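Accompanying notes for the structure given below.
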Amino acid sequence: MPDHHAASLPPPSALDAVIIGAGFSGLYQLHALRDRLGLVVQVLEAGDGVGGTWYWNRYPGARCDSESHSYCYTFSDELMAEWEWSERYPEQPEIMRYLNHVADRFDLRRSIRLGTRVVSARYDVEANLWRLRTEAGEEIAARYLITAVGCLSTANVPRIEGLGEFGGRWVHTGEWPHEGVEFTGKRVGLVGTGSTGIQAAPVIAQTAGHLTVFQRTANYSVPAQNAPLTPEFRQYLRDNLDEIKRTMRETTNGHPFRISERSALATTPEERLALYEAAWAKGGLQFRATFKDLLSNLEANETAASFIKAKIHQIVRDPATAALLADIDHPYAAKRPPIDSDYFETFNRDNVKLVDVRRAPIQRITRTGIETSEADYPLDIIVFATGFDAMTGPLLRIDIRGRDGLSLRDAWSEGPRSHLGLGVPGFPNLFTITGPGSPSVLCNMPVAIEQHVDWITDCIARLRADGLSRIEAKPEAAEDWVAQVNAAAEATLLPQAASSWYLGANVPGKPRVFMPYAGGMAHYRRICEEVAARGYEGFALS
Ligand code: NA7
C-alpha cells in the first residue's frame, strides 16, 4: 500500500470538498464527487488504512449482521458482478478486503490522506469555506465539508473506578489491537452483552482458560445460521441481481428480504410457532420480519419475545444461568437485535460463567480483576464490549463550529437537531452522511449510505449548475424534522428499551433523545427526493 502520510495537504481554497472518514461512506462520496462531478476532493482519515468502523472493530468474531450480498455497494454493477463473498455474513477481514479492493478499483487512494485525524472544523463566513485543523496542526480548507465518520466509531469505555490500576490488560472491542490479543489459558472478563459481546463470547471461550461474562442487561439473540455460500446461492444472486437491489431499495430496513404482511395476532398459536421455528432455523435479522407488527404492537412482540426466551431455556443446561439470560427487560428488537453463532450454547461450557451485574453492580476494578458488590473476579484480561457513543459521538469529538462560532456541541446540547439528518441550521455547506435524524443504524448501512451520498452529490451538482455556493438547513425545517423523527419513533416500540444506545442511554450525561429516523428507509428516501424536487425545501440556498 503506498504511503499517503507523507504527501502534503493541498493549499487552502484549492478544494471543492473535504470528506472526513474513509469507511463505506467516505469512499463512495469521494468517488461520486471526484469521478462523477469532477470536483477536487480530499479525504482525511484518522486510521492508517481505509475501512472506517471495520478498520477498528477487529475483535474475535467480528462479523456483519447484514447478509454479505447486501452489505456492499450497489452503485456499480461491474463491482457487484466481480466480487464474490465467501459466507452468508462477511467477517471483518473479508469486509476489509472488499473495501480495499474498492479503494484500488476506483483509484481512490490518491485522494485519501491516512493517519490524519481532524480535530476541528470552522466555517469561515467571509470566504464561504470550511477550515479544518488536523491533530498534527495542519490546516486545510474546502467549500463543502462532508462528515463520513460513521455511527458507531467512538468507543464507550466505561468510567469504572480503578481501571488505571488494573495489573492485567484491558481492551475495548471497538479499538482492537491490530496484532490481536492472546487469550490462551487466560482468565478473561467480558463486560457487555450487546451484539459485540454476543459475537465475541463464543470465540473467546474457545481459547481462554476461563471466561466470565458480566451481564447488565440480558438480550435477545437469534442464530445467524452462518455458512459458506453455495454455488446454487451464487447462481441465484447472478440471476436475481435487479430484484435483490429493488427489494433493498423498497423495504423499511434496506435488507434483501421483505417484511411479512401477516399480523402475529391474526395467526393461530400453532401456525405462529411453526413460523417462528422456521425463522429460527433460517436465522438472521430476518427473524424480525416474521410478522408485520412485531415492532409496533406489544402483544405481537410478546409472542416473539416468549419464543426466544423459551429457546434460551431449551439451549442452556443450567437453569439459573438460563433464567438470568432470559430475564430480558425490553421488547424484542427494541434494542438492536443481535444474531449469533452459539452464544447461548457457550454457557454450557465448563470454562464459562455468567455474572449478573444488574443485581450486584461492578464497584471497581482492582489490581487483580473486577469487584462487584458481591464478589471478586480475578482476571488477566478485561474485554469491554461496552459499545459506542453512538451517532453524535463521532461528530462531537471534532470541534465543529458554524456561523458566529456556534459549536455543534452547543447546538445539540439537548439532542441532535438537523433537517433530514443531512444538514444542520447554522452550519452552511456541512453534510452529515448517515447523521442523527436519518434512518442510518435502523437500515442496512450501505443502503442508507448510498442514498445519502447520491442525494448530497446531486445537491452539490445542482448548486453548481445554478451558480450557487451555499446551502443551509432552515431552523424551522429542522424543528419540524425533529418532531417527525420523534413521532416516527413513538409509533414503534423502539423507545421502550430504557438502556438503548438509540436513545443515548448507554453514555452517562448524554441527552435522552431517540436519534435515528424510524419511519423506514423507503419512506425516508421518498421524502428526500421530494425535498430535492421542490428546490431543496427547508434549506436556504444562496
Ligand atoms: P451495545 O449494543 O451498546 O452493548 C453494550 C453492552 O455493554 C450492553 O450490554 C451494555 O449494558 C454493556 N455495558 C455498557 N457499559 C457497561 C458498564 N459500565 N457495566 C456493565 N455493562 C456495561 O454495543 P455493541 O458494541 O454490542 O453493539 C453496538 C452496535 O454495533 C450493535 O447494536 C450493532 O448495530 C453493531 P446495558 O445494555 O447498557 O445495560
Quiz item: Which numbered condition trips up residue 327, out of (1) of a type outside the set (A, V, I, L, M); (2) more than 15 Å from the ligand (Cβ to nearest atom); (3) out of contact with any Phe, Trp or Tyr (no Cβ under 9 Å at 6 or more places or on another chain)?
Solution: (2)
Practice problem: Enumerate the pairs (first residue in the range 172-183 and over 19 Å from residue 195 (Cα atoms); second residue anywhere and among the polar types (S, T, N, Q)) with beta-carbon separation below 7 Å, excluding pairs fewer than 6 apart on the same chain, so at least 6 apart or on different chains. | Solution: 183/207
Quiz item: Is it true that some residue in the range 254-262 is charged (D, E, K, R), more than 16 Å from the ligand (Cβ to nearest atom), under 27 Å from the mean Cα position of the chain (by Cα) and farther than 24 Å from residue 92 by Cα?
Solution: yes
Quiz item: Restricting attention to the range 503-514, does a residue exist that is away from the ligand (no atom under 16 Å from the Cβ), part of a helix (DSSP H, G or I) and either touching a residue at least 40 places away in the same chain (Cβ under 8 Å) or on the phi < 0 side of the Ramachandran plot (or both)?
Solution: no
Exercise. Among the residues of the range 469-511, count how many are aromatic (Phe, Trp, Tyr) and under 18 Å from the mean Cα position of the chain (by Cα).
Key: 2
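One line per residue, one yes/no per condition, for (1) crowded, with 21+ Cβ neighbours inside 10 Å; (2) at pLDDT 95 or above; (3) within 16 Å of the ligand (Cβ to nearest atom):
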| site | (1), (2), (3) |
| --- | --- |
| 66 | yes, yes, yes |
| 76 | no, yes, no |
| 82 | no, no, no |
| 86 | no, yes, no |
| 93 | no, yes, no |
| 98 | yes, yes, no |
| 102 | no, yes, no |
| 105 | no, yes, no |
| 108 | yes, yes, no |
Quiz item: Which one is surrounded by the fewest Cβ atoms within 10 Å (Cβ to Cβ) among residues in the range 448-487 that are acidic (Asp, Glu) and outside any helix (DSSP H, G or I)?
Solution: 466
Self-check item: Subset of the range 345-381 [among the acidic types (Asp, Glu) and under 22 Å from residue 217 (Cβ atoms)]
Solution: 345, 356, 371, 374
Quiz prompt | Lone unmet requirement of (1) within 16 Å of the ligand (Cβ to nearest atom); (2) under 25 Å from residue 162 (Cβ atoms) for residue 378 | solution = (1)
Quiz item: List pairs: first in the range 381-399 and farther than 30 Å from residue 208 by Cβ and touching a residue at least 12 places away in the same chain (Cβ under 8 Å), second assigned to a helix (DSSP H, G or I) and within 13 Å of the ligand (Cβ to nearest atom), Cβ under 8 Å, 6+ apart or cross-chain?
Solution: 391/440; 391/441
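So if I check each of 274, 281, 218, 227, which one is more than 25 Å from residue 526 (Cβ to Cβ), within 16 Å of the ligand (Cβ to nearest atom) and either touching a Phe, Trp or Tyr at 6+ places or on another chain (Cβ under 6 Å) or of a type in the set (A, V, I, L, M, F, W, C) (or both)?
218
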Quiz item: Restricting attention to the range 194-244, which residues are more than 24 Å from the chain's Cα centre (by Cα) and of a type in the set (Val, Ile, Thr)?
Solution: 207, 212, 230
Quiz item: Does any residue of the range 283-306 turn out to be among the basic types (Lys, Arg) and either part of a helix (DSSP H, G or I) or surrounded by fewer than 19 Cβ atoms within 10 Å (Cβ to Cβ) (or both)?
Solution: yes
Quiz item: Tell me, which residue of the range 343-366 that is part of a loop (DSSP other than H, G, I, E, B) and either of a type in the set (D, E, K, R) or away from the ligand (no atom under 15 Å from the Cβ) (or both) is surrounded by the fewest Cβ atoms within 10 Å (Cβ to Cβ)?
Solution: 350
Practice problem: Of all residues in the range 406-442, count the ones that are outside any loop (DSSP other than H, G, I, E, B) and in contact (Cβ under 8 Å) with a residue 40 or more places away in the chain. | Solution: 10
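Of the residues in the range 143-171, how many are under 27 Å from residue 447 (Cα atoms) and more than 11 Å from the ligand (Cβ to nearest atom)?
Going residue by residue through the range 143-171, those that are under 27 Å from residue 447 (Cα atoms) are 143-156.
Cutting the leftovers down to more than 11 Å from the ligand (Cβ to nearest atom) gives us 143-149, 154.
Adding up the residues that qualify gives 8.
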Practice problem: Could you run through the range 442-468 and say how many residues are more than 16 Å from the chain's Cα centre (by Cα) and closer than 23 Å to residue 334 by Cα? | Solution: 0
Practice problem: Kindly list the number of the only condition in (1) in a helix (DSSP H, G or I); (2) under 29 Å from residue 514 (Cα atoms); (3) not β-branched (Val, Ile, Thr) that fails for residue 332. | Solution: (1)
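Going residue by residue through the range 265-278, is there one that turns out to be more than 19 Å from residue 385 (Cβ to Cβ), β-branched (Val, Ile, Thr) and surrounded by fewer than 18 Cβ atoms within 10 Å (Cβ to Cβ)?
Checked against the condition, which is being more than 19 Å from residue 385 (Cβ to Cβ), β-branched (Val, Ile, Thr) and surrounded by fewer than 18 Cβ atoms within 10 Å (Cβ to Cβ), the range 265-278 yields at least one hit.
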Quiz item: Which is in contact with a Ser or Thr (Cβ under 9 Å, 6 or more places away or on another chain) and on the phi < 0 side of the Ramachandran plot, of 411, 390?
Solution: 390
Practice problem: Taking the residues in the range 515-542 that are assigned to a loop (DSSP other than H, G, I, E, B) and within 16 Å of the ligand (Cβ to nearest atom) as candidates, determine which candidate is surrounded by the most Cβ atoms within 10 Å (Cβ to Cβ). | Solution: 515
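The values are calculated or read from the model by the stated rules, or taken from the named source; none is laboratory data. Predicted model only: the values in this text are computed from it and were never measured. As a convention, Cβ positions derive from the backbone with ideal geometry for all residues, glycine included, and neighbour counts pool all protein chains shown.
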